[in-house]
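The structure appears right after this line, and notes come after that.
Just so it is clear, none of the values below were taken in a lab; they were calculated from the coordinates. In this text the structure is predicted, and so the values were computed from the model without any measurement. Don't worry about glycine lacking a Cβ; one is built from the backbone with ideal geometry, like all the others, and counts go over all protein chains shown.
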Amino acid sequence: MVKKHLPSVCPDVNYIEKMLESREAIVILAKESGDILGVVGGWLEGTPSGYEVEDANLKQYSAYHEAHLDWIAVREEHREKGIGANLIEKVCIWAKENGKEKIWTEVSPETIAFYQKHGFQDIGRFQDEKREEYVTMLKQL
């Protein structure tokens, strides 16, 4: 059933299935009346990231072996209703309950304010192989 609904919120179903099979990962759904409104995925240890600059920043902030908020998606028609904030809170609680002190994520520059509002700080920037800019953000749990 989850597989049927997830492509509308997060298109990489195979990756989500890998997460669902791992004890080191979590996928949390926000649902209402059986409809999936949003979803978040996280890993207890998300490094190495694959980007030298980002890995160096994570090491500098003692976050290299900390939890990783890997992705979050909320259906467009349900944004600005606190769903994303609730999903972030739940993945942070999960990470802390599993012994992590910090959680990090990488985001597009347009979403920095959203993450700052939820306690994340900008710890560095990098470009991916397509030359798109990302910001590594870190939160103390």
Along the charge dipole of the stretch 2-100, which of Ile28, Ser49, Ile72 sits closest to the positive end, that is, farthest toward it, with unit charges on the beta carbon of Lys, Arg, Asp and Glu (+1, +1, -1, -1)? Ile28
With x for Gly and Pro, the residue-by-residue ³J(HN,Hα) of the stretch 24-41, computed from phi through the Karplus equation 6.51 cos²θ - 1.76 cosθ + 1.60 at θ = phi - 60° and given in whole Hz, is 8, 10, 9, 10, 10, 9, 9, 10, 8, 6, x, 8, 7, 9, x, 7, 9, x
If each part is reduced to its alpha-carbon centroid, the stretch 24-77 and the stretch 81-122 end up apart, in Å, by 8 Å
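Quote the Stokes-Einstein diffusion coefficient, in whole µm² s⁻¹, for the stretch 5-141, based on the Kirkwood radius over alpha carbon pairs, a temperature of 10 °C and a viscosity of 1.306 mPa s. Mind dumping the intermediate values first?
Working: Rh = 15.3 Å.
Answer, rounded: 104 µm²/s.
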Simple spin-label model, 7 Å along Cα-to-Cβ: Asn86 to Glu132 in nm? 2.8 nm
Using +1 at the Cβ of each Lys and Arg and -1 at the Cβ of each Asp and Glu in the stretch 77-141, identify which of Ala95, Pro109, Tyr134 lies farthest towards the dipole's positive end. Ala95
Mind putting a number on the dipole of the chain about its Cα centre? Charges go on the C-beta only, +1 for Lys and Arg and -1 for Asp and Glu, and I need it in Debye to the nearest 20. 400 debye
Figure the gain on full extension for Ile93 and Asn14 (residue separation times 0.36 nm, minus the Cα-Cα span) and round it to one decimal in nm. 25.9 nm
On the formula 1/(1 + (r/R0)^6), with r taken between the Cβ atoms of Glu110 and Arg23 and R0 of 41 Å, the FRET efficiency rounded to 0.05 is 0.75
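Calculate for the chain the 222 nm mean residue ellipticity that helices alone would give, adding -39,500 (n - 2.57) per DSSP H run of length 4 or more and normalising by residue count, nearest 500 deg cm²/dmol. Write out the running numbers ahead of the final one.
Values: 5 runs with 43 residues, N = 141.
Taken over the chain, the calculation gives -8500 deg cm²/dmol.
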